[in-house]
Amino acid sequence: SMTCPSRTTLHRTCWTAPEVLDNPLSHDVKADIWSMGITAMEMAQGRPPYYNDTPIRAAVKITQGTPVMLNCRTRIRFSNLFEE
């Protein structure tokens, strides 16, 4: 698995659910599902969403609801179920 550019624990932000970024004590099954979805996207595209962003910028994008989607170039290769 690729890690984010600086290879620090701060870059785990790429896989962190929005509610956990807002409140670390709110970690639950939904946060695990989010992380698993991001991992699937990483497997499909070779890197997680917001890979090139700083941890702070990624956290802002994640918590402000910026949608994460599969890269347009790769979408053709996946089923509708995977894309959802």
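General observations
- The stretch 17-34 - phi-based ³J(HN,Hα) in whole Hz, Karplus 6.51/-1.76/1.60, Gly and Pro as x: 5, x, 5, 6, 5, 6, 8, x, 7, 8, 4, 8, 4, 4, 5, 5, 5, 4
- The accessible area of Asp22, taken with all protein chains in place and a 1.4 Å probe, comes to roughly 110 Å².
The values are calculated or read from the model by the stated rules, or taken from the named source; none is laboratory data. Keep in mind that this is a model prediction, so the values were computed, not measured. These area figures cover heavy atoms from the full protein model, side chains too; ligands, DNA and RNA do not enter into them. Shrake-Rupley method; radii C 1.70, N 1.55, O 1.52, S 1.80 Å.
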